[in-house]
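What follows is a set of notes on a single structure, which appears directly below.
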């Protein structure tokens, strides 16, 4: 797989909003605000990816850290088609690549707060790259199994399945291995300011709203909605 020699630059703390409230429903993590957003771009066909998969999976056990795992499509030709991959996830990674000014995307690629990337980080790196509060007053709502979110500004809504998933790989570089992936992303949708995201939410799934700086793609605020 292709690795980047990018060395993470210094980070200034970036804003993250928090206005929390309770609704008539009971949620495990209702409209929570994470301290850090960790996005992993990976492939089941990438022999270099399992350690990164495990690393971000362990991070996901911290309620303050939002981990999102995206399967990309460009290694499918190596003999195993990633069962979670989607061209939209590959496009999201390429958008980050353009923002970071790198010529090629790679796996595993860990993106912290939309601000920096590397094939590997330490837990200490993640702990020092936190966001700081800035208001995001709009909240997710759930009614009759349908989740909705009114976008106060341009947002990216990410649907994912919290927890670990095991994938037996039967071909390609990881042939014979069972991979573990955490918080696997199933959908990404951009919502313009003033628009409304509305979708039936299957049991066991969660959604997150990410706000990016339009020029740099840095995550400036986020909110997570995980029904109980």
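Each value in this text was obtained by applying a stated rule to the coordinates, not by laboratory testing. Values in this document were obtained by computation on a predicted structure and should not be read as measured data. Counting neighbours? That spans all protein chains shown, and the Cβs are built from the backbone with ideal geometry, glycine included.
I need 80, 164 ordered by Cβ neighbour count within 10 Å, fewest first. Please list the in-between numbers first.
Numbers: 80 20, 164 15.
Going from least to most buried by this count: 164, 80.
Please give the peptides 84-93, 142-151 ranked by average Cβ packing (other Cβ atoms within 10 Å per residue), highest first, as a rough proxy for protection.
Answer by packing, highest mean first, reads 84-93, 142-151.
Nearest 500 deg cm²/dmol is fine: what mean residue ellipticity at 222 nm does the chain get from its DSSP H runs of n ≥ 4 alone, each adding -39,500 (n - 2.57), divided by its residue count?
Roughly -3500 deg cm²/dmol at 222 nm, from the helical runs in the chain.
Any idea how far apart residue 77 and residue 123 come out in nm if each label point goes 7 Å out from Cα toward Cβ?
Computed distance between label sites residue 77 and residue 123 equals 4.0 nm.
What nm value, rounded to one decimal, do you get for the distance between residue 180 and residue 58 when each label is placed 7 Å out toward the C-beta?
It is 1.0 nm.
In nm, to one decimal, how far is the residue 202 label point from the residue 148 one, both placed 7 Å along Cα→Cβ?
Simple spin-label model gives 2.4 nm for this pair.
Treating the angle as unsigned and between 0 and 90°, give the value, to the nearest 10°, between the Cα long axis of helix 87-100 and the longest Cα principal axis of the chain.
90 degrees
Which FRET efficiency value, to the nearest 0.05, is calculated for residue 166 and residue 215 with the Förster distance at 25 angstrom and r the Cβ-Cβ distance?
The calculated FRET efficiency here is 0.05.
Take every DSSP beta bridge with both residues inside the chain and express the antiparallel ones as a percent of the total, to the nearest 5.
75 percent
Can you pull the Rg over Rh of the chain, Cα-only, Kirkwood? Walk me through the numbers on the way to the answer.
Numbers: Rg = 16.9 Å, Rh = 17.8 Å.
Answer for the chain: 0.95.
For the modelled label position 7 Å from the Cα of residue 88 along Cα-to-Cβ, which residues of the stretch 133-177 have backbone nitrogen atoms closer than 17 Å?
147-151, 154-162
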